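Structure, as structure tokens:
The values are calculated or read from the model by the stated rules, or taken from the named source; none is laboratory data. Keep in mind that what you see is a predicted model, and the values were worked out from it rather than measured. As a convention, Cβ positions derive from the backbone with ideal geometry for all residues, glycine included, and neighbour counts pool all protein chains shown.
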Amino acid sequence: MQGFNKYYPPDYDGEKHGSLNAYRGKHALGDRARKLDQGILITRFELPFNIWCGTCNNHIGMGVRYNAEKKKIGNYYSTPIFSFRCKCHLCDGWFEIQTDPKNTRYVVTSGARQKDEDWDPEENGGFAVHDTEGSAAPVDPLVALEKSTDAQNHQTKVQVPRLESLMDVSERYNSDPYSLSLKVRKQFRDDKKVRKEKEKADTVVKDRYSLPTTLNLVEEDEASIKEAKEQWQKGRKEISRESKRRKLTFEPKSSVIPISSRSSSTSKASSTAVDSLRARVLSNTAARRPRPSSSASASKGKHLVIHGG
Ligand SMILES: [Zn+2]
């Protein structure tokens, strides 16, 4: 039995024995390695399908496990092919199962019969699965030539020029990074200058009209200038119209107010207004004068007018 613990006996010499297993004369895999000199390792092998034993003709179910002799018997390309030799548990017969890397499955090679239970789509109402490797019929040499010529043409006419143009572009962008950077930075500086000037002008406008600093002013171009002008003229017209309307509505009042409030204005407009008012009041008072009990308002008006004049 191989050593399982780390107990090193007193007569153990590392130089001489190398390992504990060697000291005991055992393989690390123990009894399973007893046929290793024949290239056989004993492994646990589980039947991947149902079989009938060839010797006793008993049915052995899928999943039954055996201590099988595993042996490498060849290669499929670089993949090893193993055989598993098992002894029937119902009789003393041996059977052998091999791996089949090409079809990724197992095959019974001797001593038993495999129960054929592979799924057949065609039998079950599906479509048959055909071999994807293609037929082994000889290839038409002319067709093959045409194919290879097409491939070559595609390479020389499409792929190579494309690759070259890509390389050209790459070369152009990577040959002189200094001058490219210079160009870009110069442009950036110019742009920055313009931007700074615009910001300065905007700040002046914002300061003048107490606009919030976060407000974005519209970019000045011909269209916006024209629009602003139109808006301005429209606003002006509206204001003048409004003032005219107000003048018309409040004219009598406005002509009285400056007089009663003893306006000191000496403008021509107000003096003409006063003159007209005086004429009106005088005519009124003249009309009412014959009456002895003249109204207080009229006399008051007269008095006012006299003072006003
Ligand atoms: Zn058997």
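Structure notes:
- Of note, Thr149 satisfies the criterion of being more than 30 Å from Arg32 (Cα to Cα), more than 14 Å from the ligand (Cβ to nearest atom) and of a type in the set (Ser, Thr, Tyr).
- Criterion: polar (S, T, N, Q) and farther than 30 Å from Val194 by Cα - qualifying residue of Ser224, Ser240, Ser210: Ser240
- In the range 15-43, the residues that are modelled with pLDDT under 85 and loosely packed, with under 10 Cβ neighbours inside 10 Å: Gly25
- Being within 16 Å of the ligand (Cβ to nearest atom) and surrounded by 16 or more Cβ atoms within 10 Å (Cβ to Cβ) is not true of Gly61.
- Residue match in the range 72-89 (condition: assigned to a loop (DSSP other than H, G, I, E, B), touching a Leu at 6+ places or on another chain (Cβ under 7 Å), away from the ligand (no atom under 15 Å from the Cβ) and more than 18 Å from Ser110 (Cβ to Cβ)): no
- Of the residues making up the range 95-115, those that are more than 9 Å from the ligand (Cβ to nearest atom), over 13 Å from Pro48 (Cβ atoms) and surrounded by 13 or more Cβ atoms within 10 Å (Cβ to Cβ) are Glu96, Pro101, Thr109, Arg113.
- Selection count where residues are over 30 Å from Ile60 (Cβ atoms) and modelled with pLDDT under 75, scope the range 103-134: 6
- With respect to (1) without any contact (Cβ under 8 Å) to a residue 40 or more places away in the chain; (2) over 54 Å from the mean Cα position of the chain (by Cα); (3) buried (at least 16 other Cβ atoms within 10 Å of the Cβ), the lone exception for Cys91 is condition (3).
- Unique residue being farther than 17 Å from Phe45 by Cα, of a type in the set (D, E, K, R) and touching a residue at least 40 places away in the same chain (Cβ under 8 Å) when the list is Lys157, Lys102, Lys115, Lys147: Lys115
- With respect to the conditions (1) touching a residue at least 24 places away in the same chain (Cβ under 8 Å); (2) away from the ligand (no atom under 14 Å from the Cβ); (3) more than 28 Å from Asp37 (Cα to Cα), Trp52 lacks only one, and its number is (2).
- Condition met for Pro48 (outside any loop (DSSP other than H, G, I, E, B) and either touching a strand residue (DSSP E or B) at 6+ places or on another chain (Cβ under 7 Å) or aliphatic (A, V, I, L, M) (or both)): no
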